[in-house]
Each structure stands twice: as structure tokens, then as C-alpha cells.
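The values are calculated or read from the model by the stated rules, or taken from the named source; none is laboratory data. This structure is a prediction, so every number in the text was calculated from the model and none was measured. Every residue, glycine as well, gets a Cβ built from its backbone with ideal geometry; the counts of neighbours run over all protein chains shown. Surface accessibility is based on the protein's heavy atoms, side chains included, excluding ligands, DNA and RNA. Shrake-Rupley method; radii C 1.70, N 1.55, O 1.52, S 1.80 Å.
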Amino acid sequence: MKVIQLVQKPQFRGAEIFASQLSNHLRNLGVDVHLISVFSGTSELPFSGKTSHLKRPLNKRLWDFKAWKDFADLIKSEKPDLIQANAGDTLKFAILSKLVYKWDTPVVFRNANKMGDFINTRPKYLLNRFFVNQVKAVVSVSQLCEKDFIHTFSFPASRIKTIPIGVEEQEISSEPPADLQSIYKEYRVLVHIGSLVPEKNHEALLNIFDTVAQNDPSVFLIIIGDGRMRAELENQVAGLSCKDRVLFAGYRNDVLQVLKHATAFLMPSLIEGLPGVILEAMYCQTPVVANNVGGISEVVNDTTGWLIEKEDITGFIKAVNEVLVGGQNVDQKVANAHHLVIGKYMNSRIATRFKEAYEQVISGKDFHS
């Protein structure tokens, strides 16, 4: 079996990292995988197999005949059995290339979000429905996202299935990253990981931390990720009483090491699918406090962490303080979460499910008959 994994660009974002890790495991299962990025980026993706970068400008994301032709030529020469488009921009790119240059390889869309939360205008709905209708099948990151996808686009239930994101098994250093050791030595570290975009709700994150930090001088917040809101958020931090205890650490490739030595992982997002960083925190035995959005409730509940309704800032602060106090209840939730991830969410298991799904698509079989 030969598969093309299409990602947006070389970057340390969840979709690209998971696609790379999945591709490594698929290769171990005997699948010939070619990882292709569409847009320009500077990171080195963690994939050991064949990689190509089209290096196209983002401003041509909806009108790029050269890139569509290059991709079509690559498909005709390599003859893959299937193409997986990871995230919305790659789906648009693959389908436009397919329609213009008439290749017939089946496209599978990897749906990693609750799409209904993004479809807020009629034109946006019509555009996305057009692209969705061109795919052979959809693999959704969570059951809730699958149900939402079916409802939003009236998509056939027989052509969509849920396979969650997974975690890499690896040894994690017994020490925090060298450049952060002074912070870990002096403070109890709270961590957030995610692109600096509105749906991640960093404004609320900072207000939550400021409230906690005013009563607890031992805490420090590390924010991993980058994005268009960075300057705005840095200005917000400048006005906080705890401004010296917040670090914007940018994108990093040592997030498990950061998480392993943290006191808690915080995710007050407004929109999510099933974030891999939550599973990584659980794998690292770090307590998770997260908003009840997307598919998060499928892994975070009263026995594995702290699940907060997205408007309940007071409840989120209370949960963070409970984690900081610690005790048997906290320890038991952490142990339960770790057991859940080890049993169901390791990438080696997830890859087998993807391979089986690919075989069904290639053979023309429905997921649910």
C-alpha cells in the first residue's frame, strides 16, 4: 500500500506532528508513505521516510495552478493508493488539484475539529460542503466531532469513522529542559500548549493565571506556541500583577519534557477536536484542567482530570487551586489518566486502525454497513 500524507507546512503544530508520527508507525506496518507539505515552513518534521515540500505561498491557498499541477504530476508518477489530507487547507488543495487535473486517487480527510463551530456563514458552509463532498471518506478525531461532521454537512455515516489522535512512547528526561531549569527550580509550573489564536482563549488563560498567582507566589505560567495574537497577548501580560511569572516560549520540540516536570496542564479553549497535548500531559502524569469543548470529554472526566464548562472561569480557577493543593484525589486522577492513555491512545495502536481504514477505503468498502 502506498499513501501520501498531505500536511499544511513544516511546523510544530498538532496536525503536522501527529501526521508525521503516524507516518512513521505506518512505515513500520509495511505502508509506503510519502509526507508532503504544501506551504513554506522552517521546522523539521519528525518523519524518517520520504518527504517533499512544495513551498507554496500562503496567499495562493485558493488559486495556485502551478502547485496543483506539480501535485498532479507527482500523483501520476508515484501512483499512490490513497491520499490523506490533514486539516482544511490541505483538503482544498488536494481537491482543487484533483478537479483541475483529473486524477482519481481517493482522498481521505482527517477531521481534527468540531467543524460546526467554524461554519458561521452561508458562503463558508457552501464552500466547505463542496470540498467535503469530493472526498471518499473521513476519519474523525473524536466521536463528538464525527457526529458534528455528519450533522453539519449531511455527510453519509457509512463514510466516516472515529480514530483518535495518539501519543508516542518515549523516554523523557528526568530533568526539565536546560533553558527552563531555573524556572522549574524556583516555581511550580503551569503549562499551556497551543497556537496563539482566538479559539485557544489565551485571554482567559492569562486572567485565570493572574487570579491564581495573586494568592500563590510559587506558580509560573509557560505558554508554548506562537501565532498572530502574540503581540496582543504580550501587551495583556504587561498589565498583569504577575507579569514576571509568564513566559512565551514559542514553538518547541521538547513538549513532553516540559509537561513531565509541570504541576498542571491548562486548556481553557473555546473550540477543539481532541487535542493531542491533553493525551501527552496524561502520558506524562501531569494533571489536566480543560474546558468541556469538542471531544475533550471523551478523555477528561471526573476520574481522569478536571472538566470545566467553557464559561465557568470561577470553576476553572477552583480546579487549578485544587491541583496545586494536591493530595490523594489528584494522585488518583493522574494515575487513571495515565492508564487510559497507555491502554487506548498510543500511536502504535492508532496506526493499525488507520491502516485498516485505508484498506477499507481502497477496497471500496463502507466503514459502517
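For this structure, a couple of remarks:
- Single condition Leu45 does not satisfy, out of (1) of a type outside the set (Lys, Arg); (2) touching a Ser or Thr at 6+ places or on another chain (Cβ under 7 Å); (3) open to solvent by 30 Å² or more (accessible area, probe 1.4 Å): (3)
- Within segment 222-249, residues that are at positive phi have Cβ atoms under 8 Å from residues that are open to solvent by 60 Å² or more (accessible area, probe 1.4 Å) and outside any helix (DSSP H, G or I) in these pairs: Gly225/Tyr251, counting only partners at least 6 apart in sequence or on another chain.
- Selected residue (criterion: most open to solvent (accessible area, probe 1.4 Å)) from residues of segment 74-83 that are of a type outside the set (A, V, I, L, M, F, W, C) and touching a Phe, Trp or Tyr at 6+ places or on another chain (Cβ under 8 Å): Lys76
- The residues of segment 271-292 that are open to solvent by 10 Å² or more (accessible area, probe 1.4 Å), modelled with pLDDT of 95 or more and in a loop (DSSP other than H, G, I, E, B), listed by number, are Gln285, Pro287, Asn292.
- Segment 142-187, residues that are closer than 22 Å to Phe130 by Cα, among the β-branched types (Val, Ile, Thr) and touching a residue at least 40 places away in the same chain (Cβ under 8 Å): Ile160
- Count - residues of segment 101-120 that are in a helix (DSSP H, G or I) and of a type in the set (D, E, K, R): 1
- Failed criterion for Leu221 (all others in (1) assigned to a helix (DSSP H, G or I); (2) over 30 Å from Leu6 (Cα atoms); (3) not charged (D, E, K, R) hold): (1)
- A single member of Ser20, Ser52 is buried (at least 17 other Cβ atoms within 10 Å of the Cβ) and polar (S, T, N, Q), and it is Ser20.
- Residue in segment 6-13 that is open to solvent by less than 60 Å² (accessible area, probe 1.4 Å) and at pLDDT 95 or above present: yes
- Condition check for Arg110: crowded, with 20+ Cβ neighbours inside 10 Å and at pLDDT 95 or above: yes
- Test: residue in segment 95-107 that is at pLDDT below 95 and closer than 27 Å to Phe71 by Cα: no
- Of all residues in segment 339-365 being closer than 16 Å to Val300 by Cα and open to solvent by less than 50 Å² (accessible area, probe 1.4 Å), the one that is nearest to the chain's Cα centre (by Cα): Tyr345
- Test: residue in segment 346-355 that is in a loop (DSSP other than H, G, I, E, B) and at pLDDT 95 or above: no
- With respect to the stated conditions, Glu175 fails to be farther than 27 Å from Ser20 by Cβ, open to solvent by 10 Å² or more (accessible area, probe 1.4 Å) and modelled with pLDDT of 95 or more.
- In summary, helices (runs of 4 or more DSSP H) completely within segment 121-205 and bearing 2 or more residues that are under 19 Å from the mean Cα position of the chain (by Cα) and more than 16 Å from Ile278 (Cα to Cα) occur at 143-153.
- Residue within segment 143-157 that is touching a Leu at 6+ places or on another chain (Cβ under 8 Å) and either open to solvent by 50 Å² or more (accessible area, probe 1.4 Å) or over 12 Å from Phe367 (Cβ atoms) (or both) present: yes
- Residue in segment 294-317 that is part of a helix (DSSP H, G or I) and closer than 26 Å to Pro177 by Cβ present: no
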